[in-house]
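Visitor: Can you read through this structure? Questions will come right after.
The values are calculated or read from the model by the stated rules, or taken from the named source; none is laboratory data. Model, not experiment: these values are computed from the prediction. Here the Cβ positions follow ideal geometry from the backbone for every residue, glycine too, while neighbour counts run over all protein chains shown.
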């Protein structure tokens, strides 16, 4: 039984000590209701998700982003080697996904890489990681939602209609004032998430099945016009172009870690989270590569430059049937809605975990006893994301999201190494194969892809980190619950940590 003694508040803990203070894993598990006592200090998230729903959350948050939204902008960078770019980005993501699988089985709580780094590297790194996740989740939702206007227009064009530019594009685009379809998609996802995780997971599963079926339909039709000659000059922009495209397309794999934010809503998180993460990566990478090969086989790579909603246009040109394009456009809108729903879900759970630790305001951690969801946090985040989606262009968002994600993924790879060395006796339901090579390669790949991002993206990232530092020193440092524990309380909780070295008398258990 893990009992949490009342914290003795200690203002003025030295900065260096506070930044390095780790959150005891036993305390994390107890707060999540997965500890030995399973006690509850208030309304908790409801455990209603099995391995199928978790896999669909991961697939739903990932599949479609690069294909439906970013493909047209990435092909001019890599040329016919775009499928290699997908493979490189997918390999980099898989290395990190394997590390996520181990950490999700060892630390089965909400918070994803934020919680993993808090348990291993201390509050300072955890804050940086959490701040990166805010960038990753919230901004990626907005970035994906931005692309919905293109496909809504493709749907309307079947009937000879189109949205006015003023409500179909953000400021800065020709005639644009507000991307209304993007706002609408985010608001609908926000409303659904407020109702409950089980209901959201069911709707997401239906949407994932629809978008997989639509992508398979595209592959089948595009291969009827396949021309091997389109691949004769495989890398017209050189390896540098392929690498630049891979860095941008890494954005397409953002989302597989959404399943790890469901640690407190999974029925059996230690067993099911690793399975869901690995299964989703296999599904996603396979479909991405098939779609990329089919698209280049059907059209020369130069055709994609400046082309919006490229896959819909390919279908319409190949079949000459506007209704076929309508079906695909509907599938694309469903795919975008699925991504928005699941990634927004992950964002609210990240902020809930940070709020529980006192690093962000308490409002983000309030769980409704009626719905079992963080209603207030969902409404706040959803509203902010809706405004961003309606007012900010896609390209700037996508690159900014990639750098924050890569940084967080690198930290998770390092967390695996740290936890293996410092706490070898921690029970693990999944172990990274070829340790330590796999997490080392995962870290190197993340750094490599970050280095290929443009200087403007790095400036945005630096500015975001400065804002994060101001937020931490202005609020988090003074409200941190772990920092407020007295030395005796902290040592007591650490002794209850299942990751700690066992006493000699318990060695044979």
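Visitor: In the range 388-404, how many residues are at pLDDT below 80 and assigned to a helix (DSSP H, G or I)?
Guide: Of the range 388-404, the ones at pLDDT below 80 are 392-404.
Those left that are additionally assigned to a helix (DSSP H, G or I): 394-404.
Residues that pass the stated criteria total 11.
Visitor: Please give the helices (runs of 4 or more DSSP H) falling wholly within the range 197-311 in which 3 or more residues are more than 21 Å from the chain's Cα centre (by Cα) and over 18 Å from residue 67 (Cβ atoms). Steps first, please.
Guide: Details: elements: 197-222, 238-249, 269-298.
Filter on the range 197-311 gives 238-249.
Visitor: Let me ask another. Can you find a residue in the range 319-331 that is free of Cβ contacts under 8 Å to residues at least 40 places away in the same chain, surrounded by fewer than 24 Cβ atoms within 10 Å (Cβ to Cβ), out of contact with any helix residue (DSSP H, G or I) (no Cβ under 8 Å at 6 or more places or on another chain) and farther than 30 Å from residue 99 by Cβ? Break it down into steps so the answer makes sense when it comes.
Guide: Going through the range 319-331, the residues free of Cβ contacts under 8 Å to residues at least 40 places away in the same chain turn out to be 320-321.
Still in the list and also surrounded by fewer than 24 Cβ atoms within 10 Å (Cβ to Cβ): 320-321.
With the extra rule that they be out of contact with any helix residue (DSSP H, G or I) (no Cβ under 8 Å at 6 or more places or on another chain), the set shrinks to 320-321.
Remaining after also requiring farther than 30 Å from residue 99 by Cβ: 320-321.
Within the range 319-331, one or more residues are free of Cβ contacts under 8 Å to residues at least 40 places away in the same chain, surrounded by fewer than 24 Cβ atoms within 10 Å (Cβ to Cβ), out of contact with any helix residue (DSSP H, G or I) (no Cβ under 8 Å at 6 or more places or on another chain) and farther than 30 Å from residue 99 by Cβ.
Visitor: Let me ask something else about it. Quick one: is residue 353 on the phi < 0 side of the Ramachandran plot and surrounded by fewer than 23 Cβ atoms within 10 Å (Cβ to Cβ)? Walk me through how you get there before you give the answer.
Guide: Details: on the phi < 0 side of the Ramachandran plot: yes; surrounded by fewer than 23 Cβ atoms within 10 Å (Cβ to Cβ): no.
When the stated conditions are applied, residue 353 does not pass them.
Visitor: Anything in the range 211-221 that is within 26 Å of residue 346 (Cβ to Cβ) and surrounded by 15 or more Cβ atoms within 10 Å (Cβ to Cβ)? List them, or say none.
Guide: Answer for the range 211-221, where residues must be within 26 Å of residue 346 (Cβ to Cβ) and surrounded by 15 or more Cβ atoms within 10 Å (Cβ to Cβ): 211, 212, 214, 215.
Visitor: Which of the residues spanning the range 59-88 are within 14 Å of residue 286 (Cβ to Cβ), in a helix (DSSP H, G or I) and at pLDDT 80 or above?
Guide: Selection gives 59, 62, 83, 86, 87.
Visitor: Please give the number of the condition residue 433 fails out of (1) in contact with a helix residue (DSSP H, G or I) (Cβ under 6 Å, 6 or more places away or on another chain); (2) in a loop (DSSP other than H, G, I, E, B); (3) at pLDDT 80 or above.
Guide: (1)
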